[in-house]
């Protein structure tokens, strides 16, 4: 992979990478199309990264369909796919990890200790191997995006990070590989996440600037749904991810909740026009 990337860069080609864990859906394909519009060479990576899964999480059950993923990706015009195995990415005795200390602490970091160290480490390795000029990520995992942006800045990667808005299903549910785990009964219950965010955004548009009031508005639909168990609902500074009491600058309203045993995340950025 690195040899191919070196050759392409030497030839003056602009490289874009889209790192994924596979199980591609329309959200991923939107990222690939965004990369295709911005670069000469589009590289897809497929790697289910074990270091970002906790001991009680769904690594063994995570959906895998490499052949199907590659077929979908080809429809978006990718040039290269990098699909390493675990032993290639984590050689025996590997003990080096990358951490973005403050940004990894709140939100999903509090619920999933070690998760973002796994993310930052694997993204660092993929960047070294694919040598891109730019990388494309979705905004659904907002904290991940903020961490990668800060890591790239702090460690002088010299890579442009392009973000793409959340892609949603027709009823508003954010697209996720984990949506496949939802039963027929759980699927409509999962809409409480997007309803909560929409309710809070409506209050914000009407002039509400108190964080507690907006959080309460987002929580209400979740608390009313018996199949949903809230992990967190938080309102944070859009860049630093620090807690905010009164909104005077752009913020992200982010939430995570279990629908049955399936953990889903979603968010809205709130900024005055």
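Below, the figures for the structure above:
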read-out	value
Number of the exception - residue 117 against (1) in the same structural domain as residue 28 (by TED's automatic domain parsing); (2) in contact with a strand residue (DSSP E or B) (Cβ under 9 Å, 6 or more places away or on another chain)	(2)
Failed item in (1) surrounded by 14 or more Cβ atoms within 10 Å (Cβ to Cβ); (2) touching a helix residue (DSSP H, G or I) at 6+ places or on another chain (Cβ under 8 Å); (3) in contact (Cβ under 8 Å) with a residue 24 or more places away in the chain, with residue 217 passing the rest	(3)
Any hit, the stretch 37-55, residues being surrounded by fewer than 20 Cβ atoms within 10 Å (Cβ to Cβ) and more than 26 Å from residue 149 (Cα to Cα)	yes
Single condition residue 109 does not satisfy, out of (1) buried (at least 17 other Cβ atoms within 10 Å of the Cβ); (2) in contact with a helix residue (DSSP H, G or I) (Cβ under 6 Å, 6 or more places away or on another chain); (3) closer than 21 Å to residue 132 by Cβ	(3)
Candidate set: the stretch 42-57, residues that are assigned to a loop (DSSP other than H, G, I, E, B) and free of Cβ contacts under 8 Å to residues at least 60 places away in the same chain; chosen: the one nearest to residue 132 (Cα to Cα)	48
Test: residue in the stretch 103-120 that is over 20 Å from the mean Cα position of the chain (by Cα) and not in a loop (DSSP other than H, G, I, E, B)	no
Options 27, 68; residue that is touching a residue at least 40 places away in the same chain (Cβ under 8 Å), within 19 Å of residue 264 (Cβ to Cβ) and part of a helix (DSSP H, G or I)	27
Filtered residue count, the stretch 182-200, keeping only those that are within 22 Å of residue 139 (Cβ to Cβ), assigned to a helix (DSSP H, G or I) and under 21 Å from the mean Cα position of the chain (by Cα)	8
Candidates 129, 103, 175 - the one that is touching a helix residue (DSSP H, G or I) at 6+ places or on another chain (Cβ under 7 Å), modelled with pLDDT of 95 or more and more than 21 Å from residue 57 (Cβ to Cβ)	129
Members of the stretch 162-177 found to be within 10 Å of residue 190 (Cβ to Cβ) and not in a loop (DSSP other than H, G, I, E, B), listed by number	174
Test result for residue 156, out of contact with any strand residue (DSSP E or B) (no Cβ under 7 Å at 6 or more places or on another chain), free of Cβ contacts under 8 Å to residues at least 12 places away in the same chain and assigned to a loop (DSSP other than H, G, I, E, B)	yes
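The values are calculated or read from the model by the stated rules, or taken from the named source; none is laboratory data. Keep in mind that what you see is a predicted model, and the values were worked out from it rather than measured. Glycine also receives a Cβ, built like all others from the backbone with ideal geometry; neighbour counts cover every protein chain displayed.
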